[in-house]
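Beneath this line is the structure, given in structure tokens, with notes to follow.
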Amino acid sequence: MWNTSSMSYDVNSAYNSALAINGTVKWRKIKADISESTSEHAKARFNLSFPEIDWRHLQSVYGWPALQFQAWMRGYLRLEEAAVGNQTVALYVNGILEFSINGKRHFGGDFYGYRNTPTIINLPPGEHVIDIRLIRDVRASGGIGEPSLSPTFEAQIRRELVTVDKRSIMVPELSQGKLGSSWGSINVQNNMADNVEILSIKTSPSDVSLPADSAQAREMLDGAYGICSWMLVPSGVTSWSGDDWHNWGFGDIQAAVDAIPRWAEKVGWQGSHASLNDWIVVGHSNGGQGTWYISTHYPDKVRAAAPVSGYSSIENYVPYNMLQESQAIVAYVLEKSRSSFRHELLLENMAGIPILQQHGSDDDNVPVYHSRLLHELLERTQWPSKYNELPGKNHWFDGVLTTTDLLEFYNENTPLSRPDRVPQIFTMVIPSSGNMASKGGIYVDQLQSPDVNGRIEVIRDLKNNSWSLRTQNIHRFHLTNELYVASLPTCLVLDGKHTFLVDPDQRNTTWYLKDIQGRWTVSREPTWKCLTQRYGRQLGAMDAILRTEGSFKIGICSRGIYPIALQISRNIHQYFASDSQLSNQCDDTIAPVLESIREMGMGNTLSLAIGSDLPPSQHTGYPIQIDQGRVILSRFCSHASRDGQDEQCVSYEYAFEHGMGAAFLRPLENEGLELVVWGADLAGLEQAARLVPTLTGAGQPDFLILGNSCRWKGSAGIYAAGHLDKDWQISPGSYISADRKMGTHERDGFNRWY
């Protein structure tokens with residue numbers, strides 16, 4: 001439970017813990033390693049471990065999850081009494097997710113040690129109590145040896161009004177004496193209590209020395225020099241990850257690929273140009289896992305794949321079996337929210353892609369079991385990989401991406417010609433994710449239900465150029481114009497009953513849709529892409545909010561919540577290096593996008609509110625409402641009158657209570673998204689704000705209603721959680737704890753089947 005304010009240091013106090021001997025833990029003192037200590041700057045590093053716990057036994061039973069734990073630490077920050085007035089203090093908290101100062105909580109911290117954005121606070125002279133919540137994560141800290149934590153807490157007095165972070169400067173490299181882009185960035189931090197308005201910017205000559213993002217990354221493919229291919233090494237947000245190369249990380253990859261033509265134009269490139277949708281994907285460790293992700297989600301872009309020493313999925317690497325216990329349906333909802341990253345279930349999408357797996361037999365970082373497992377599962381799909389296990393090799397060694405087998409693989413898969421490589425018989429598995437692209441030229445726009453994966457089994461009749469598709473849980477799909485993938489059909493036979501001729505000139509604008517009676521029809525009307533339909537970047541779990549097309553806008557709908565909005569903005573910049581704009585005009589947040597906002601490049605929106613201050617959704621049929629002291633969820637609506645204006649719905653109500661919070665996605669026009677962060681009171685809003693996606697692998701569903709007890713029960717304290725379907729309605733597989741009520745509601749009567 002995160003509530004150290006009620007704890008006082010006492011060597012005799014004991015607290016229950018399932019990990020410790022006798023089931024209890026006690027306070028103890030540890031000495032900090034003070035590397036710097038002046039009147040202006042102090043930096044403390046802690047080495048925290050619990051040798052009294054039998055970690056070896058716990059790991060032998062439960063595996064690496066047993067090495068993950070939470071701990072609480074209390075210390076003091078003393079500002080010189082001689083100082084006049086309050087001091088502005090910048091806090092860098094590497095390896096820390098949450099802390100409080102004098103009881104005021106700050107969430108987000110800097111878990112991965114990015115140092116992008118410190119927490120800047122104003123403190124009077126004297127002693128201040130610091131409570132720190134520590135979390136040990138095997139994926140971040142490793143699973144070898146006795147588990148320990150090494151957080152740092154650094155405080156800097158800020159005298160200047162603003163601080164320019166010179167370490168953060170980013171500019172494009174020079175090539176042939178020219179910059180490859182006109183864009184650059186640098187972080188400027190406001191040290192004042194008031195907002196800063198930027199009136200103008202001017203440049204001045206200066207000498208700047210910039211180190212490479214990672215010399216190791218840049219040199220990994222040196223041994224592959226001479227292979228006829230562009231080599232693109234995206235840096236992600238850390239030296240080892242770009243949010244696991246899923247949402248934000250894949251966006252970085254796509255942006256880097258899309259920038260190649262502009263770079264070539266800027267520097268006057270005269271060499272060979274890049275084929276922007278024809279990739280050989282190679283990755284090591286977490287990048288190996290990213291290779292599996294890209295190949296299963298974007299198979300038509302992938303010419304060949306070489307996952308090296310990569311784990312099969314987040315959940316298989318460090319299982320979630322020691323999380324807080326909850327009802328099975330709650331566990332299902334959370335697991336479904338992470339299912340797009342379960343590559344073990346999506347391997348059929350890789351049929352037709354040459355695959356070379358490589359893994360060291362003595363790997364103590366990513367056990368070789370992961371590659372062996374995926375090699376076995378691929379064989380079951382009738383598309384086996386080539387598997388190369390290196391005897392005696394550990395996780396990393398010089399030349400890990402340029403072994404003899406890998407170099408041969410690269411050369412085999414870089415000829416200019418690209419033959420039809422889609423198998424005559426193949427299967428496509430579609431998770432409910434906005435990151436799922438086409439397979440064999442088939443792009444699924446919408447599933448019938450987000451509760452289960454979609455599936456299409458395809459048989460290609462090459463003689464007659466006819467494809468037979470047998471579908472499960474598919475509502476809408478179309479064919480792409482990516483002719484380099486395969487010879488696309490001129491005739492489709494759907495579910496053995498419905499035959500359609502394909503117009504080659506209108507593939508990308510012809511949609512095939514299945515109604516609730518199982519009938520297939522064809523439509524060329526793009527008007528289905530409207531506010532009441534969920535599609536494109538809106539698909540997926542709560543982390544779909546990260547697929548924004550511009551800077552985030554954070555709308556503040558209630559008084560007294562600006563500090564929470566500021567923390568969310570800081571976290572977005574800390575973990576994703578993304579900009580956001582805070583606005584007190586909450587109505588504008590959910591109104592149709594203004595032209596001025598378009599010009600500023602604004603993207604998805606976060607709306608923060610307390611009580612009844614939240615404006616209604618633009619979508620009048622949206623099933624979650626906050627009104628008159630209640631949170632109301634509507635479900636299983638059916639038309640009760642011929643004109644379709646009245647609907648008979650099952651509703652569920654939760655009266656406001658202390659600590660209640662909620663987070664849920666709502667649609668905006670033009671494929672936009674709004675993430676509502678709501679609390680019945682300030683405590684509830686603080687709790688809900690922690691659900692805004694930052695860390696990878698968390699798996700927040702489309703909507704969550706939190707009880708106050710979530711603070712200590714975790715997911716067991718959830719009142720409701722689940723997913724929203726293609727019509728933005730609550731799916732049947734969602735969890736709602738309240739008793740149902742029947743009622744008739746005036747709604748917009750929108751057609752469920754477009």
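The values are calculated or read from the model by the stated rules, or taken from the named source; none is laboratory data. Keep in mind that what you see is a predicted model, and the values were worked out from it rather than measured. Don't worry about glycine lacking a Cβ; one is built from the backbone with ideal geometry, like all the others, and counts go over all protein chains shown.
Looking at the range 215-233, can you tell me whether even one residue there is of a type in the set (Gly, Ala, Ser), modelled with pLDDT under 85 and either assigned by TED's automatic domain parsing to the domain that holds GLY85 or more than 30 Å from PHE341 (Cβ to Cβ) (or both)? Give the derivation first.
Restricting attention to the range 215-233, the residues satisfying the condition of being of a type in the set (Gly, Ala, Ser) are 215, 217, 223-224, 226, 229.
Adding the requirement that they be modelled with pLDDT under 85 leaves 215, 217, 223-224, 226.
From the residues that got through so far, the ones that are either assigned by TED's automatic domain parsing to the domain that holds GLY85 or more than 30 Å from PHE341 (Cβ to Cβ) (or both) too are 223, 226.
Yes: the range 215-233 contains one or more residues that are of a type in the set (Gly, Ala, Ser), modelled with pLDDT under 85 and either assigned by TED's automatic domain parsing to the domain that holds GLY85 or more than 30 Å from PHE341 (Cβ to Cβ) (or both).
Which of the residues belonging to the range 263-298 are part of a helix (DSSP H, G or I) and within 21 Å of TRP248 (Cβ to Cβ)? So that I can check it myself, show each step before the final result.
Taking the range 263-298 and keeping what is part of a helix (DSSP H, G or I), we get 263-267, 286-297.
Scanning the range 263-298 gives ASN286, GLY287, GLY288, GLN289, GLY290, THR291, TRP292, TYR293, ILE294, SER295, THR296, HIS297.
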Of all residues in the range 103-120, how many are touching a His at 6+ places or on another chain (Cβ under 8 Å) and under 21 Å from SER37 (Cβ atoms)?
-> 1
Test result for ASN388, part of a strand (DSSP E or B) and not charged (D, E, K, R) = yes
Taking the condition closer than 30 Å to ARG537 by Cβ, free of Cβ contacts under 8 Å to residues at least 60 places away in the same chain and either within 27 Å of the chain's Cα centre (by Cα) or outside any strand (DSSP E or B) (or both), does GLU408 pass?
-> no
If a residue has to be within 31 Å of the chain's Cα centre (by Cα) and either at pLDDT 95 or above or among the aromatic types (Phe, Trp, Tyr) (or both) to count, how many in the range 411-429 make the cut?
-> 4
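Among the residues in the range 430-437, are any more than 25 Å from the chain's Cα centre (by Cα), modelled with pLDDT of 95 or more and β-branched (Val, Ile, Thr)? Walk me through it before giving the result.
First, pick out the residues of the range 430-437 that are more than 25 Å from the chain's Cα centre (by Cα): none.
No, the range 430-437 contains no residue that is more than 25 Å from the chain's Cα centre (by Cα), modelled with pLDDT of 95 or more and β-branched (Val, Ile, Thr).
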Which ones in the range 169-211 are farther than 27 Å from THR88 by Cα, in a loop (DSSP other than H, G, I, E, B) and modelled with pLDDT of 80 or more?
-> VAL171, PRO172, GLU173, GLN176, GLY177, GLY180, SER181, SER182, TRP183, GLY184
Filter result for ARG133 (of a type in the set (Lys, Arg), surrounded by 18 or more Cβ atoms within 10 Å (Cβ to Cβ) and either in contact with an Asp or Glu (Cβ under 9 Å, 6 or more places away or on another chain) or assigned by TED's automatic domain parsing to the domain that holds GLN324 (or both)) | yes
All conditions in (1) under 23 Å from TRP230 (Cβ atoms); (2) modelled with pLDDT of 95 or more; (3) buried (at least 22 other Cβ atoms within 10 Å of the Cβ) are true of SER309 except (1)
Output the residues belonging to the range 314-334 that are closer than 13 Å to SER715 by Cα, surrounded by 14 or more Cβ atoms within 10 Å (Cβ to Cβ) and of a type outside the set (Ser, Thr, Tyr).
-> MET322, LEU323, ILE329, VAL330, ALA331, VAL333, LEU334
Selected residue (only one of GLN327, GLN357, GLN382 is more than 30 Å from ALA18 (Cα to Cα) and modelled with pLDDT under 95) | GLN382
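Tell me, please, whether a residue that is farther than 22 Å from TYR293 by Cβ and among the aromatic types (Phe, Trp, Tyr) can be found in the range 459-467.
Within the range 459-467, the first condition is being farther than 22 Å from TYR293 by Cβ, and the residues that meet it are 459-467.
Add one more test, that the residue is among the aromatic types (Phe, Trp, Tyr), and what stays is 467.
The answer is yes, given that some residue of the range 459-467 is farther than 22 Å from TYR293 by Cβ and among the aromatic types (Phe, Trp, Tyr).
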Tell me which residues, restricted to the range 361-394, are of a type in the set (Gly, Ala, Ser) and surrounded by 17 or more Cβ atoms within 10 Å (Cβ to Cβ).
-> SER371, SER385
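Scan the range 350-360 and give yes if some residue there is in contact with a Phe, Trp or Tyr (Cβ under 6 Å, 6 or more places away or on another chain) and surrounded by fewer than 19 Cβ atoms within 10 Å (Cβ to Cβ), otherwise no.
Kept after step one, since they are in contact with a Phe, Trp or Tyr (Cβ under 6 Å, 6 or more places away or on another chain), are these residues of the range 350-360: 351, 356-357.
Narrowing further to those that are surrounded by fewer than 19 Cβ atoms within 10 Å (Cβ to Cβ): none.
No, every residue in the range 350-360 fails to be in contact with a Phe, Trp or Tyr (Cβ under 6 Å, 6 or more places away or on another chain) and surrounded by fewer than 19 Cβ atoms within 10 Å (Cβ to Cβ).
Would you be able to say whether some residue in the range 321-330 is outside any loop (DSSP other than H, G, I, E, B) and within 22 Å of the chain's Cα centre (by Cα)? Before the answer, list the steps.
Here is the first cut: in the range 321-330, the ones outside any loop (DSSP other than H, G, I, E, B) are 328-330.
The next check asks that each one be within 22 Å of the chain's Cα centre (by Cα); those that pass are 330.
The answer is yes; a qualifying residue exists.
Taking the condition within 30 Å of ASN316 (Cα to Cα) and either outside any loop (DSSP other than H, G, I, E, B) or not assigned by TED's automatic domain parsing to the domain that holds VAL84 (or both), does ALA42 pass? Walk me through it before giving the result.
Numbers: within 30 Å of ASN316 (Cα to Cα): no; either outside any loop (DSSP other than H, G, I, E, B) or not assigned by TED's automatic domain parsing to the domain that holds VAL84 (or both): yes.
No: the conditions fail for ALA42.
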What number of residues in the range 692-726 are buried (at least 20 other Cβ atoms within 10 Å of the Cβ) and either assigned to a loop (DSSP other than H, G, I, E, B) or touching a Lys or Arg at 6+ places or on another chain (Cβ under 8 Å) (or both)?
-> 13
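Among the residues in the range 242-258, are any within 24 Å of the chain's Cα centre (by Cα) and under 21 Å from PRO367 (Cβ atoms)?
First, pick out the residues of the range 242-258 that are within 24 Å of the chain's Cα centre (by Cα): 242-258.
Those left that are additionally under 21 Å from PRO367 (Cβ atoms): 244-245.
Scanning the range 242-258 turns up at least one residue that is within 24 Å of the chain's Cα centre (by Cα) and under 21 Å from PRO367 (Cβ atoms).
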Number of positions in the range 268-285 that are buried (at least 21 other Cβ atoms within 10 Å of the Cβ) and either without any contact (Cβ under 8 Å) to a residue 60 or more places away in the chain or in the same structural domain as THR480 (by TED's automatic domain parsing) (or both) = 3
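Would you mind stating whether LYS553 is modelled with pLDDT of 95 or more, under 25 Å from the mean Cα position of the chain (by Cα) and either crowded, with 22+ Cβ neighbours inside 10 Å or in the same structural domain as ALA351 (by TED's automatic domain parsing) (or both)? Show your work before the answer.
Working: modelled with pLDDT of 95 or more: yes; under 25 Å from the mean Cα position of the chain (by Cα): yes; either crowded, with 22+ Cβ neighbours inside 10 Å or in the same structural domain as ALA351 (by TED's automatic domain parsing) (or both): yes.
Against the criterion (modelled with pLDDT of 95 or more, under 25 Å from the mean Cα position of the chain (by Cα) and either crowded, with 22+ Cβ neighbours inside 10 Å or in the same structural domain as ALA351 (by TED's automatic domain parsing) (or both)), LYS553 qualifies.
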Got at least one residue in the range 513-529 being closer than 20 Å to ALA437 by Cα, part of a strand (DSSP E or B) and touching a strand residue (DSSP E or B) at 6+ places or on another chain (Cβ under 6 Å)?
-> yes
Go through the range 571-649 and tell me which strands (runs of 3 or more DSSP E), entirely inside it, have 1 or more residues that are among the small types (Gly, Ala, Ser) and modelled with pLDDT under 90.
-> 630-639
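Conditions (1) farther than 21 Å from ALA738 by Cα; (2) under 21 Å from the mean Cα position of the chain (by Cα), marked per residue:
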| position | (1), (2) |
| --- | --- |
| LEU668 | yes, yes |
| ALA680 | no, no |
| GLY684 | no, no |
| PHE703 | no, yes |
| TYR719 | no, no |
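Please verify whether TYR622 is surrounded by fewer than 24 Cβ atoms within 10 Å (Cβ to Cβ) and over 28 Å from GLY550 (Cα atoms), treating the condition exactly as stated.
On the way: surrounded by fewer than 24 Cβ atoms within 10 Å (Cβ to Cβ): yes; over 28 Å from GLY550 (Cα atoms): no.
Spelling it out, it is not the case that TYR622 is surrounded by fewer than 24 Cβ atoms within 10 Å (Cβ to Cβ) and over 28 Å from GLY550 (Cα atoms).
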When only residues in the range 537-550 that are under 10 Å from the mean Cα position of the chain (by Cα) and not in a loop (DSSP other than H, G, I, E, B) count, which is surrounded by the most Cβ atoms within 10 Å (Cβ to Cβ)?
-> LEU546
Entirely in the range 94-153, the strands (runs of 3 or more DSSP E) that have 3 or more residues that are among the aliphatic types (A, V, I, L, M) and at pLDDT 90 or above | 119-123, 126-135
